[in-house]
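Laboratory data are not the source of any read-out in this text; all were calculated from the coordinates shown. Remember, predicted model here, so these are calculated numbers, not experimental data. All Cβ positions, even for glycine, are placed from backbone atoms using ideal geometry, and neighbour counts span all protein chains on display.
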Amino acid sequence: MNIGSEYLKIVIARLKSVKSLGDKTISQLSEEDIHWQYNPESNSVAIIVKHLSGNMISRWTDFLTTDGEKENRNRDDKFVDNITPMSELMAIWEKGWQTLLQTLTSLTEEDLLKNVYIRGERHSVLDAIERQVTHYASHVGQIVYIGKMLKNDQWESLSIPRGQSEKWFSA
């Protein structure tokens, strides 16, 4: 077994799983829901999606050859909720994930021990991947949490619903 190739397969599968949680949550939300904020200091789903996509495009475009914080990235703009239709939100969401997954799919075992830079700081490719997996999972967790709050008793569980564990494990 080639451990580097196995790692890449696992990390890609995990990230696809994280994306799926976001997809399933967003599909339950209305256009009004994606702009809801608990307070002015918190982020809406639209802002989180915009931030994630911008981060993914910046980090994973020319991943091995340029700093992950691209000069043309306006990070502050990623925290402005100016996405109107759901279709625009989904296009932004998909572009980020597509950039990330295409780059990860193109990496080789030899690439994993190379160094890349993020904001001028050197990271091994392995460390850079793990850094971003954590970042993306935490933000998708925020999207799920917001979705659960908004949908309340109409929330469609993304895993085993409360009170149904026995049904799933008694087979």
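Going by a ≥ b ≥ c, the root eigenvalues of the Cα gyration tensor, does the chain fall in the rounded group (a/c under 1.5), the prolate group (a/b larger than b/c) or the oblate group? It would help to have the intermediate numbers written out before the result.
Values: a/c = 2.49, a/b = 1.27, b/c = 1.96.
Oblate shape, in that a/c is at least 1.5 and b/c is the bigger or equal ratio.
To test your reading of the geometry: what angle, between 0 and 90 degrees and rounded to tens, separates the Cα axis of helix 45-60 from the longest principal axis of the chain?
The two axes meet at around 10 degrees.
Between the range 108-153 and the range 16-67, what is the separation of their alpha carbon centroids in Å?
12 Å
Which ³J(HN,Hα) values in Hz, rounded to whole numbers, follow from the phi angles of the range 115-132 under the Karplus curve 6.51 cos²θ - 1.76 cosθ + 1.60, where θ = phi - 60° and Gly and Pro get x?
These are the phi-based 3J(HN,Hα) values: 10, 10, 10, 10, 6, x, 9, 6, 9, 5, 4, 4, 5, 4, 4, 4, 4, 6 Hz.
In nm, give the distance between the simple-model label positions of T84 and S42, each being 7 Å from the Cα along the Cα-to-Cβ direction.
2.7 nm
So what's the angle, to the nearest 10 degrees on a 0 to 90 scale, between helix 3-26 and the longest Cα principal axis of the chain?
30 degrees
How high is the relative contact order of the chain, given as a whole-number percent (alpha carbon pairs under 8 Å, six or more residues apart)? Don't jump to the answer; show the numbers that get you there.
Values: 162 pairs, mean separation 51.9, N = 171.
Value for the chain: 30 percent.
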